[in-house]
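Laboratory data are not the source of any read-out in this text; all were calculated from the coordinates shown. All values derive from a computational prediction rather than experimental measurement. Please note: Cβ atoms are built from the backbone with ideal geometry, for glycine as well, and neighbour counts cover all protein chains shown.
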Amino acid sequence: MRTYKVVVLGAGGVGKSALTVRFVRDVFVENYDPTIEEEYRRTVTVDDQLSSLEVLDTAGAEQFTSLNEVYIKSGMGFVLVFSLTQEATLKEVDNLRKQIYRIKGGDTTVPIVIVGTKLDLVNEREVPRATIQSLCNRWDLAFYETSAKRNWHVAEVFEDLLRQMRTRYPETRGKEKRKTRSCVVM
């Protein structure tokens, strides 16, 4: 079973932890408690294939953004989160996307999924679907609108990202044998 490292990034208060905990533990975290860094593991079966996901839930607070570079270097796939109720948080997603490409050496095949949270807060929505669709078409990235509270489309986010990671990082079957010198003693 392969292990894939997923990093969840976004501005503070957008629902990164709620999304992550809903996926990993299937519970909704009601209270907002700013995260510094939390790591979770979950084994999932997608397309009849068992995989392990190490999900790193990162801080959105400004004082911890310097850690993003470390997280990005070690990550294999990224969930970029913004709140559908705060249009300003979408700008942070674009900044993070650019930072990922820069740190990964301009590689635009890095597995990334864009996630708009708080879909259930219909009356507070600030980000029109057309805006998001336009950005995702331009960026050529998958996009999901979710609600951790209602458990809407949460699993789909991580399943899509896992499929992208499997494609991007295929398992190498025939690992080369190390050449060894034989020692002949007479």
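Descriptive notes on the structure:
- Under 5 Å between amide hydrogens, built in the peptide plane, is the criterion, and for Thr146 it picks out Gly116, Thr117, Lys118, Leu119 among residues at least 5 positions away or on other chains.
- For the chain, the 222 nm mean residue ellipticity estimated from helices alone, with every DSSP H stretch of n ≥ 4 adding -39500 (n - 2.57) and the total spread over all residues, rounds to -9500 deg cm²/dmol.
- Relative contact order of the stretch 2-168, defined on C-alpha pairs under 8 angstrom at six or more residues apart (%): 26
- Remark: the stretch 110-123, residue by residue, has Karplus-estimated 3J(HN,Hα) of 4, x, 9, 10, 9, 10, x, 9, 6, 4, 6, 8, 4, 6 Hz, where x stands for each Gly or Pro and the curve is 6.51 cos²θ - 1.76 cosθ + 1.60 at θ = phi - 60°.
- Magnitude of the charge dipole for the stretch 1-125, about its Cα centre and with charges confined to Cβ atoms of Lys, Arg (+1) and Asp, Glu (-1), is about 360 debye.
- Three-way shape label, the chain, alpha-carbon gyration tensor, a/c 1.5: prolate
- For Phe28, no residue whose modelled amide H falls within less than 5 Å of its own remains once neighbours fewer than 5 places apart on the same chain are excluded.
- As a rough footprinting exposure proxy, the listed residues Leu84, Leu135, Leu67 were ranked by other beta carbons within 10 Å of their own, and the order from fewest upward is Leu67, Leu135, Leu84.
- Each of Ile114, Ile132 has some number of other Cβ atoms within 10 Å of its Cβ, and from fewest to most they run Ile132, Ile114.
- Neighbours of Leu119, meaning other residues whose beta-carbon lies under 10 angstrom from its beta-carbon, give a summed charge of +2 when Lys and Arg score +1 and Asp and Glu score -1.
- Ascending count of other beta-carbon atoms within 10 Å, so fewest first, for Ile103, Ile72: Ile103, Ile72
- Lys pairs, the stretch 2-168 - Cα-Cα below 15 angstrom, 8 or more residues apart or on other chains: 7
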